[in-house]
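Trainee: Below: one structure in structure tokens.
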Ligand SMILES: C[S@@+](CC[C@H](N)C(=O)[O-])C[C@H]1O[C@@H](n2cnc3c(N)ncnc32)[C@H](O)[C@@H]1O
């Protein structure tokens, strides 16, 4: 996972990350930091994470996989009854009211996952055998040949154009990050076509769970799961699970409440798509203030490409080589990265005055 590579988490680290679906928080936990503060301004994302945490705490690996939806399971509602005692009141209320999502398996019930599950139904309706074949390759050259010869044709371009026509996308994804600050002429079709092609050229489909989700609608055909779903990571997840603290707040407002020089690592996901330049600058202001010496940050850019704000560049060493590598190797093939280290000493000596004025 790219954030694990970029952040190089140590056992004494305090890590701040964006919750999202909760997967990234749990993935980062497998690196064993002292503490992870998982922040999201959308409480539903945090309720999802809290449910996943309780599942890790209370279930064995096989029941955990069944409960989340990775495997078939007939009694998810009963399992929920068993684990719900440990949930906060608001989380328990939300899931009791949405027990139908639990019954279906929460792993595939996010907006993003539901969107691509529907797309995958259409794809498989017309090219079921090709989808099966795509996930069967053990040789990258064979996979690339298959892509050029059998996959990348008029039909594929038509499917991509249907999914990526601006209005379809906005309507079905609902997530503002996909379009709020995107230029009106942005070519979604080319973006998705080329991003997908990059994924096919750089790694086997059966090792890419993001491809599994977006093309096949599930992780059924992939052999490499996200870390927090892997059997051999489950014991470490269980051992570290109490190290997560969940905060429902905007990242800006949360960071403002943190002390100077108190955080080692920042995984701020793809929040850039939700922010205007002023808000993005405000977040970097707080990152620089709260960072310990040599703290590391990692941001993902989705469609909206954001740079480190000009005013903070002197206090950050960007790792552009790693950024390029992550862009090339990240399984979620639509992202670019901004990552680097914060020069705390320089910040303390000379930035304070500047920061006040930003
Ligand atoms: C697109 S999602 C990420 C989903 C993806 N599954 C992942 O984990 O990377 C980005 C998340 O960032 C949250 N978010 C965006 N801007 C934020 C901000 N300023 N403060 C806190 N959370 C924010 C959204 O609520 C959403 O859950």
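Trainee: Which one of these does residue 230 not meet: (1) out of contact with any strand residue (DSSP E or B) (no Cβ under 9 Å at 6 or more places or on another chain); (2) touching a residue at least 12 places away in the same chain (Cβ under 8 Å); (3) more than 9 Å from the ligand (Cβ to nearest atom)?
Mentor: (2)
Trainee: Does region 225-248 include one or more residues that are surrounded by 19 or more Cβ atoms within 10 Å (Cβ to Cβ), assigned to a helix (DSSP H, G or I), under 19 Å from the mean Cα position of the chain (by Cα) and at pLDDT below 95?
Mentor: No, region 225-248 contains no residue that is surrounded by 19 or more Cβ atoms within 10 Å (Cβ to Cβ), assigned to a helix (DSSP H, G or I), under 19 Å from the mean Cα position of the chain (by Cα) and at pLDDT below 95.
Trainee: Select from region 115-130 the residues that are free of Cβ contacts under 8 Å to residues at least 60 places away in the same chain and crowded, with 16+ Cβ neighbours inside 10 Å and list them in ascending order.
Mentor: Answer for region 115-130, where residues must be free of Cβ contacts under 8 Å to residues at least 60 places away in the same chain and crowded, with 16+ Cβ neighbours inside 10 Å: 115, 127, 130.
Trainee: While we're looking at this one, here's another question. Note down all Cβ pairs under 8 Å where the first residue falls in region 254-279 and is on the phi > 0 side of the Ramachandran plot and touching a residue at least 60 places away in the same chain (Cβ under 8 Å), the second is assigned to a helix (DSSP H, G or I) and near the ligand (Cβ under 7 Å from one of its atoms), and they're at least six residues apart or on different chains.
Mentor: Correct list of pairs: 269/24.
Trainee: While we're here: Condition first: part of a loop (DSSP other than H, G, I, E, B) and free of Cβ contacts under 8 Å to residues at least 24 places away in the same chain. Can you find one or more residues in region 77-94 that meet it?
Mentor: no
Trainee: Residue check, residue 31 against (1) touching a strand residue (DSSP E or B) at 6+ places or on another chain (Cβ under 9 Å); (2) touching a residue at least 60 places away in the same chain (Cβ under 8 Å), all met but one. Which one?
Mentor: It fails just one condition, (2).
Trainee: Could you run through region 12-30 and say how many residues are within 16 Å of the chain's Cα centre (by Cα), assigned to a loop (DSSP other than H, G, I, E, B) and either more than 9 Å from the ligand (Cβ to nearest atom) or buried (at least 24 other Cβ atoms within 10 Å of the Cβ) (or both)?
Mentor: The number of residues fulfilling the criteria is 3.
Trainee: Which residue, of 83, 123, 118, 102, is closer than 21 Å to residue 206 by Cβ and away from the ligand (no atom under 16 Å from the Cβ)?
Mentor: None of the others qualify; the one that does is 123.
Trainee: Can you pull out every residue in region 131-155 that is buried (at least 18 other Cβ atoms within 10 Å of the Cβ) and part of a helix (DSSP H, G or I)?
Mentor: Residues satisfying the conditions are 131, 134, 143, 146, 147, 151.
Trainee: Would a scan of region 32-54 turn up a residue that is assigned to a strand (DSSP E or B), touching a helix residue (DSSP H, G or I) at 6+ places or on another chain (Cβ under 6 Å), over 17 Å from residue 107 (Cβ atoms) and away from the ligand (no atom under 14 Å from the Cβ)?
Mentor: yes
Trainee: Among the residues of region 298-314, write down those that are at pLDDT 90 or above and over 19 Å from residue 278 (Cβ atoms).
Mentor: If the condition is that a residue be at pLDDT 90 or above and over 19 Å from residue 278 (Cβ atoms), then 298, 300 are the ones that fit.
The values are calculated or read from the model by the stated rules, or taken from the named source; none is laboratory data. Predicted, not measured: the structure shown is a model, and the values here were computed from it. Neighbour counts are summed over all protein chains in view; Cβ atoms, including those assigned to glycine, are modelled from backbone coordinates with ideal geometry.
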